[in-house]
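Peer 1: I'd like to ask you about the structure that follows.
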Amino acid sequence: MYIVAVNLVVDPKDADTFAERIKQHARNSLTQDGCLGFSVSRDHDNPASFHLWEVYKDAAAFDAHKAADFMAEFSKFAGPLLKHRVLATGNLIV
């Protein structure tokens, strides 16, 4: 399995709006055949920081996710709000 871990930080004034939109993005992602899991958490210490844990069948499924129409829409929405973004990928070992 192909794992994607992402940390997204937005301006605190945008955090609640972002939280609602990321929930819809997760629901959209889970409709994709190769997406096996998509979890989002909001940081306890910084409510403007969001942690995503995405599980895909393989790298090709992640590529399909990145190419999806809803991903382009989400990126257009989120891009101006993001203050910080860290993305890491790997293969599940346990």
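Peer 1: From the list E54, E73, which residue is at pLDDT 95 or above and in contact with a Cys (Cβ under 9 Å, 6 or more places away or on another chain)?
Peer 2: Testing whether each residue is at pLDDT 95 or above and in contact with a Cys (Cβ under 9 Å, 6 or more places away or on another chain) leaves just E54.
Peer 1: Can you report the number of residues in the stretch 8-37 which are under 19 Å from L87 (Cβ atoms) and either of a type in the set (D, E, K, R) or at pLDDT below 95 (or both)?
Peer 2: Result for the stretch 8-37: 1.
Peer 1: Additional query: Where the second residue is among the charged types (D, E, K, R) and part of a strand (DSSP E or B) and the first is free of Cβ contacts under 8 Å to residues at least 24 places away in the same chain and lies in the stretch 66-94, which pairs have Cβ atoms under 7 Å and are six or more apart or on separate chains?
Peer 2: Between residues of the stretch 66-94 that are free of Cβ contacts under 8 Å to residues at least 24 places away in the same chain and residues that are among the charged types (D, E, K, R) and part of a strand (DSSP E or B), there is no close pair.
Peer 1: Shifting gears a bit: Identify all residues within the stretch 35-52 that are in contact with a Ser or Thr (Cβ under 6 Å, 6 or more places away or on another chain) and either surrounded by 18 or more Cβ atoms within 10 Å (Cβ to Cβ) or free of Cβ contacts under 8 Å to residues at least 12 places away in the same chain (or both); write none if there are none.
Peer 2: Quick first cut of the stretch 35-52, residues in contact with a Ser or Thr (Cβ under 6 Å, 6 or more places away or on another chain) only: 35, 38, 43, 51.
Within the stretch 35-52, C35, F38, D43 qualify.
Conditions (1) loosely packed, with under 14 Cβ neighbours inside 10 Å; (2) within 10 Å of the chain's Cα centre (by Cα); (3) in contact (Cβ under 8 Å) with a residue 12 or more places away in the chain, marked per residue:
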residue: D14; (1), (2), (3): no, no, yes
residue: F18; (1), (2), (3): no, no, yes
residue: D33; (1), (2), (3): yes, no, yes
residue: E54; (1), (2), (3): no, yes, yes
residue: D58; (1), (2), (3): yes, no, yes
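Peer 1: Any residue that is under 12 Å from H65 (Cα atoms), in contact with a Cys (Cβ under 6 Å, 6 or more places away or on another chain) and not in a strand (DSSP E or B) - is there at least one of those in the stretch 18-28? Before you say what the answer is, go through the steps one by one.
Peer 2: Going residue by residue through the stretch 18-28, those that are under 12 Å from H65 (Cα atoms) are 25-26, 28.
Retained after the next criterion (residues that are in contact with a Cys (Cβ under 6 Å, 6 or more places away or on another chain)): none.
No, every residue in the stretch 18-28 fails to be under 12 Å from H65 (Cα atoms), in contact with a Cys (Cβ under 6 Å, 6 or more places away or on another chain) and not in a strand (DSSP E or B).
Peer 1: Moving on to the next point. In the stretch 60-94, what count of residues is obtained for those that are surrounded by 11 or more Cβ atoms within 10 Å (Cβ to Cβ), among the hydrophobic types (A, V, I, L, M, F, W, C) and part of a strand (DSSP E or B)?
Peer 2: So the count comes out to 2.
The values are calculated or read from the model by the stated rules, or taken from the named source; none is laboratory data. Model, not experiment: these values are computed from the prediction. When we count neighbours, we look across all protein chains shown, and the Cβ atoms used for this are built from the backbone with ideal geometry, even at glycine.
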